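Enquirer: Got a structure here, written out as structure tokens. Questions coming.
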């Protein structure tokens, strides 16, 4: 990997996989490397279906609790998920070292890689670290990577900068790339024009969008159709509407503990049982909001504990939920029929 | 009206229709006046269906062009709309005097009030002016009013303040109230808890939500079901998903010039022809974005001109669209199959 | 006025005071009308000094309490203010009718117009209403007007739109214009380039900026120096730093009840007693925050009551302060040495 | 270090340096460890003065150019700076590995540590990584660390979470902590109440605030005076006003290439030559804006090249400045008298 990278740098003067041509649309036409094989002629990797972005279980001392992870996976394996997203935002990836991020993916691949599609979060702030992390995730067996928008230098994250970043990462990646837009954490809402341009890259096969703008999702499905681009809903709060406008699945925190119900919603939609699907969707919105924007990962982990999974503590600076909040969340789960007081 | 208002003030010390009881949930149980008759026992006014929030046509000197309005209405009358929203945001209500706002509603009622449900925008910044404007709209024949969130003193628009405002207006209104949340203009996104509380008021029968958060809409349908509360999508960009999660119709700028297509989308949805509905929805997103958040009312009026309606100039400080923008918008309409170059 | 306006409309097709020339920089060179006399050759009206943006006192029934206003003015007159701003944001102008706004200015002019410079808030959403309101304010004796940025159609308030709006208003105004940027209410922070362009207009003599970005203020003083442009701090929280970077005074809510102290700060600064000025400034920040962004006009009116002025109720939907908030505010005033428990 | 950490975890169940007592104000009274010695009785480290947050020079292949760094430092050493901030936002710390961040600090300490105060940026997203990084920075000779607010899980960064994070880091740090609030990158504006609470911690000695809210800075100086807390302006755009309200110095990007002028401003202020200070401050605002919020680190590095320092490329995804932007920036430097075309 390092060798390839250096070669590119020598040629174009920036971290980039292309020997010639202008940035940032430099990939068009002359893509070298692995990516070429991914989509010319053959279809891209099919990523349709549902995935929980799995929580990372920690022990009390904040070390990763691999035994608990194994237990959780064994239970998740009984649910008709398509696969798992490992080291996404709900996995507290931002609080883990490079080694931890990779090691956990390796663990999940070894345990479930034969039956489930393993997608690894490999995004870092810099392009070069993202390239290296992506390579490492491929090396331990991930089938695709989810790459979040860099976001620290917000003022510099122009559309051109983002197109450049993702396309260079995709140029260098041996496995397909899924774009990841999660403005509640990054404040960067990947613009439709950026996504549409990137959808033409043979090694960029899809998008997870957690922003929840259903008009945007519908428009993106329509505008990227010719590129076999696959869009995944980033939250169970709008899973049914997302299917209705053409999304192919979802990566939803709720799947960490209400996976069966989520898969049931998918089934109802596919069988055209819209009224039942609507009723189930309705019941999911408030619990979903609890474990995402309202109480975040701490809420998610408390809910996992309620449903027999291991949630456990988060890493600091995320704080444990207060008793008041826990009580309020419990009420919502009860009111929506997912728990009996 | 003035008499009633003064009486209330004497009783509770604030602009309020209730003789006794604490603010802001003071209406519970002891509602006096017109509102009482609206929902106890009988059903509330059914507002399901589609409405264009009609543009206000201006002459070159910025006076209202009533002849052009009449022409537009005659064409709109051929479309199976449920009714018209007059003096909404797309009607540039914020740029009109009290007299103009009322006079235009009177005109539309006289021309179409027998066949169409006329909903008038009556929101003002102060509670007292909103009460007076609402009364005036009722006097000229509006069947319901759309009341936008006050927004100038943002810091003071707490949930309690908004609950108080809307409930007092509803207490005093002889016709039903529809809440109106349009954060792109007001920066105030009416919170679910406010809407849920207000949905219990017998004279508040629905909500137009232009925010586009489909999870919120689904949740609101679910949480207000027991109150016969009716939710209207505020934009054609998410009309199909809104129907899917239980909205009963829409108030959509696009209806000003693509009304037939909008009504066709409603029909496809109701007949369960989801694939066709999705295709039509897909084509609507980008044109809809042009005439709403991208180019606003100036874009809307240019599009109306293209489709044979009178759009004409906006009032200043809204500026005419630039040639570049007009060209870009035209391209989008052509690409989505609504115009042939 | 109406006659002039119509003539312009006939000539240039938009609400505009100029017979020929392109928008929006049409005023350069060929300014007709009253504005011509204001700055060519002679100096513009000197607006340096301190002003309270006076609160509008209401009776319990929310009518204007003119007797209380008179009492307040008599007390304010004993303080070395330069003048009064009437119908600014702190005056709840957004909750008053056209007639009320004008009538209150007339009252203040009659009472204090000989000794104090009366500046009237005349901004409305539309350009045409702002022009009319400005004329009315001049007619009742205001010496200058403060014109707030229109803000309802945020997406349409481009720099060009704002330049056009203010310059057209200035073209038509018989008295000088002061720009007014108050992003906490409008969400529109008038851009430096807009202000710099407008500072060249002979009838636009200054700016009240409540945003609090001291770098921006310093830069604006520097960039508009050649145009005799005068900048007023919009809040007492940064009055001393504003003087230090070249502002000529301030329009500060705090002046409604701590006017003597505010004028003392100005004196200390002018005498070069920087350490004492700093100490006084320090004590002002927290009380000032209470009556502006933290508790708004309700906080301001409570504080006025504490200091022997008439504050009284606000108009609805602004709500009375809670007891908890009132207590918290009182503590801050005590801790900073302005009240003794 | 690790040993201490484990002991704490055993005691209080979270990453924390305190054996007993409630979170998050647990440090009061019973502080163990190194921090105790820092401020009880003796004065805290004096950090007053000016610092450039030095840019990290990269070669074309994006590796760190240590030779260029040495050259830059030799030139900076001729300027009366108090010291250097290494691995701040302008140092592109977010794009560097743990090893790179530490190694660069070691390099600067070895070269300049005898004459200059070296402050290292040690903030990471997680509390545990921040503790480890802080220890490493101390090990290579940094005299204090600058700790940025964690920001990825924005929804979880409550005031309590931030107080907990910083106080635990301070508990474990062998050298003093300076809080770092830079909302343009993090969107988190450290609240006054958080800063005031943290100012009581014996090992938290100051704040770098880049937000530019001068009222906030004045209030913080006032409220933390009794704790010997030292506040540094985070930008040269408001350096003079910051001094006026009681800040003790600044960490300003502009110092990377206009250090002499910055120190001159400090001198003028200290000698009471306010008019000259104002003139110099005025000239700095626009160039400063160019290398901070307008063009960011790419702008900063271009400017460094202009002034004879090595700026060089940024790391990707930051993009090189366009020619148009470069030209616009050049014009501003010329117009303000810092370059002659």
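Each reported figure results from applying straightforward, stated rules to the coordinates on display, with no laboratory input. It should be emphasised that the depicted structure is a prediction, and the values quoted were computed from it without experimental measurement. Don't worry about glycine lacking a Cβ; one is built from the backbone with ideal geometry, like all the others, and counts go over all protein chains shown.
Enquirer: When a/c is below 1.5 the answer is rounded, else prolate if a/b is larger than b/c, else oblate, so apply that to the range C:29-273 with a ≥ b ≥ c taken from the square roots of the Cα gyration tensor eigenvalues. List each step's numbers first, then the result.
Expert: Working: a/c = 1.43, a/b = 1.11, b/c = 1.29.
Cα axes put the range C:29-273 in the rounded bin.
Enquirer: Could you tell me what percent of the DSSP beta bridges with both partners in the protein assembly as shown are antiparallel, to the nearest 5? Could you put the intermediate results ahead of the total?
Expert: Values: 6 of 110 bridges.
In the protein assembly as shown, DSSP labels about 5 percent of beta bridges as antiparallel.
Enquirer: Between the helical axis of B:296-306 and the dominant principal axis of chain B, each derived from Cα atoms, what acute angle in degrees is found, rounded to the nearest 10?
Expert: Helix B:296-306 and the main axis of chain B meet at about 50 degrees.
Enquirer: Right, here's the next one. Of the candidates D:212, D:234, D:308, which one comes out as most mobile in a Gaussian network treatment of chain D with C-alpha springs shorter than 10 Å?
Expert: D:308
Enquirer: Where does helix C:127-139 land angle-wise versus the long Cα axis of chain C, in degrees 0 to 90, nearest 10?
Expert: It works out to around 70 degrees.
Enquirer: Using the 10 angstrom Cβ neighbour count as an exposure proxy, how do B:216, A:270 rank, fewest first? Before the final figure, lay out each step's value.
Expert: Values: B:216 24, A:270 10.
Fewest-to-most Cβ neighbours within 10 Å comes out as A:270, B:216.
Enquirer: List the distances, in nm and shortest first, from the label point of residue C:322 to the matching label points in every other copy, placing each point 7 Å from Cα along the Cα-to-Cβ direction.
Expert: So the label point of residue C:322 gives 1.2, 4.7, 4.9 nm to the other copies.
Enquirer: For label points placed 7 Å from Cα toward Cβ, what is the shortest-first list of nm distances from residue C:115 to its copies?
Expert: 6.3, 6.8, 8.9
Enquirer: If the viscosity is 1.306 mPa s and the temperature 10 °C, what Stokes-Einstein diffusion coefficient in µm²/s follows for the range D:183-225 when Rh is the Kirkwood radius over Cα pairs?
Expert: The Stokes-Einstein estimate is 146 µm²/s.
Enquirer: Let me ask something else. Taking every DSSP beta bridge with both residues inside the range D:29-273, roughly what % is antiparallel (nearest 5)?
Expert: Working: 1 of 27 bridges.
Around 5 percent antiparallel, to the nearest 5.
Enquirer: Compute the helix-to-body angle for B:159-172: its Cα long axis versus the longest principal axis of chain B, expressed 0 to 90° and rounded to tens.
Expert: 80 degrees
Enquirer: Arrange B:89, D:158 by Cβ neighbour counts within 10 Å, fewest through most, would you? Could the numbers behind the result be given before it?
Expert: Numbers: B:89 27, D:158 15.
Going from sparsest to densest Cβ surroundings: D:158, B:89.
Enquirer: What does the helix-only formula give at 222 nm for the protein assembly as shown: each DSSP H stretch with n ≥ 4 adding -39500 (n - 2.57), the total divided by the residues, and the result rounded to the nearest 500 deg cm²/dmol?
Expert: Details: 56 runs with 610 residues, N = 1364.
For the protein assembly as shown, the value works out to -13500 deg cm²/dmol.
Enquirer: For the protein assembly as shown, what number results from the quotient of the Cα radius of gyration and 2.2 N^0.38 Å? Don't skip to the end; give the middle numbers.
Expert: Values: Rg = 31.6 Å, N = 1364, 2.2 N^0.38 = 34.2 Å.
Ratio of Rg to 2.2 N^0.38 Å for the protein assembly as shown: 0.92.
Enquirer: In addition: Taking a label point 7 Å from Cα toward Cβ, how far is residue C:77 from its twins in the other copies, in nm, shortest first?
Expert: 6.2, 7.1, 8.9
Enquirer: Continuing with this model, one more query. So for B:73, C:69, C:239, D:198, fewest C-beta neighbours within 10 Å to most, what's the order? Kindly include the intermediate steps, with their values, before the conclusion.
Expert: On the way: B:73 17, C:69 21, C:239 30, D:198 26.
Ascending number of Cβ neighbours within 10 Å: B:73, C:69, D:198, C:239.
Enquirer: Check the axis relating chain B to chain C and name the residue of B whose C-beta is nearest, distance in whole Å.
Expert: Axis-proximal residue of B, distance in whole Å: B:187, 3.
Enquirer: Please identify, among B:90, B:227, B:59, the residue showing maximal mean-square fluctuation in a Gaussian network model of chain B using a 10 angstrom Cα cutoff.
Expert: B:59
Enquirer: Please tell me the relative contact order of the range B:29-273 in percent, rounded to the nearest whole number, where contacts are Cα pairs under 8 Å and at least six residues apart.
Expert: On the way: 450 pairs, mean separation 52.1, N = 245.
Value for the range B:29-273: 21 percent.
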